[in-house]
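The block underneath contains the structure these notes are about, expressed in structure tokens.
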Amino acid sequence: SFVLGHLRRGTTHLWNLLAQDPRFAFATILQAVFAHTFLSFERFVHGLAGRFVPNRRPQDNVEMSPDSPLEEERALCASTFLSIQMARHFPRRRDAFKPFLSMREASPEARQRWSDALDLFSRKLLVRHGPEKTLLFKAPDHTAKVELLLQRFPDARFVHIHRDPFTVFLSTRKMERQTVPLYAYETPPSEGLDAFILWRYREMYRCYFEDRDRIPPGQLVEVSFDDLEKEPLDVIERIYEGLGLSDFAGARPRLERYLGGLRGYRKNSYTPLAPSLREEVERSWSPYYERLGYESS
């Protein structure tokens, strides 16, 4: 199963909620960062890793530990370098990594290598967690790769989450400004970030809407972040029903305990977009976000 959605749309919150169901297995921080070797040495370095993993994510204060879920795109980036994540490590060369967002413009060999790497990582996770588990993946970049994912996993289920686009832009920009300096191997350029954010959303949803109709009936549910925030249990139950997952009642107590632990969490706040930049976001994104039910000003 794959959680889809642009960065800063609540994909992590949704993922964490679904992960409360013990039927699911997912990549942890330790497993995704050490994708090549976690089967052999995870148990030996787990305690040490706790000293180096921050207690909270820098972009939104979400709690972290070595066992917290982490996007499998980190593992694929380390395994293949065929990832838009490379733009964080080498931000002065962002354009060189653009073909890896959707992989549509990548060579057939690169597409096959990326797909093989995801398949291998999936098999290793099942060895680690048990073959009876259902893998629960989440990577915003996968939103642009639905066609490629279906080719490899034709029975895959998808949950897509969407959110107010202007909040998404502000939150993404804040995240990139905070995290790129932590990951970059070179000094980030002083300009070009906004243009890159606008391009990534536009390209991601161009591909998503082209691929959405390829998803077989019963394998896709779309939800909004606002609904998830207001009525999380109702939304998760709707996901279970839409994807044909059984025993929501059995998962509900775990969900309630997890949600109870989030009381007091404070979301980020943002300064409203300048009118000129808001207009630019509308020009670039409105053909896509309007299809998700959001209106331009």
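The values are calculated or read from the model by the stated rules, or taken from the named source; none is laboratory data. As the structure is a computational prediction, the values presented were derived from the model and not from experiment. A quick note on method: Cβ atoms are made from the backbone with ideal geometry, for glycine too, and the neighbour counts reach across all protein chains shown. These area figures cover heavy atoms from the full protein model, side chains too; ligands, DNA and RNA do not enter into them. Shrake-Rupley method; radii C 1.70, N 1.55, O 1.52, S 1.80 Å.
Structure notes:
- Take the Cβ atoms of residue 210 and residue 178, set R0 to 45 Å, and the FRET efficiency comes out at 0.90.
- Across the options 39, 126, 273, the greatest Cα extent toward the positive end of the charge dipole of the chain (unit charges at beta carbon of Lys, Arg, Asp, Glu) belongs to 39.
- Restraint check, 124/145; 98/174; 98/230; 98/133; 133/174, Cα-Cα greater than 24 Å: 98/230; 98/133; 133/174
- Estimated inter-spin distance, residue 43 and residue 194, nm [label 7 Å along Cα→Cβ]: 5.4
- Amide H contacts of residue 4: 159, 160, 161, each under 5 Å away and 5 or more positions distant or on a separate chain (H built 1.01 Å from N in the peptide plane; Pro and chain starts excluded).
- Relative contact order of the range 109-263, taken over Cα pairs closer than 8 Å and 6 or more residues apart, is 27 percent.
- Once the mean of 1/r is taken over each pair of separate Cα atoms and inverted, the chain shows a Kirkwood hydrodynamic radius of 20.0 Å.
- The order of the peptides 244-250, 75-81 by mean Cβ neighbours within 10 Å, most packed first, is 75-81, 244-250.
- Simple spin-label estimate for residue 230 and residue 164 gives 1.3 nm between the two label positions (7 Å along the Cα-to-Cβ direction from each Cα).
- Per residue solvent-accessible surface (Å²) - the chain, probe of 1.4 Å: 49
- For the residues 11, 143, 37, a GNM of the chain with alpha-carbon springs under 10 Å puts the largest fluctuation on 37.
- Nonpolar atom fraction for the range 165-297, defined as the carbon and sulfur part of the 1.4 Å probe accessible area, stands at 46 percent.
- Distance between the modelled labels on residue 271 and residue 132, one decimal in nanometres: 5.5 nm (7 Å Cα→Cβ projection).
- Taking every DSSP helix (H) stretch of at least 4 residues in the chain, weighting each as -39,500 (n - 2.57) and dividing the sum by the residue count yields a mean residue ellipticity at 222 nm of -16000 deg cm²/dmol.
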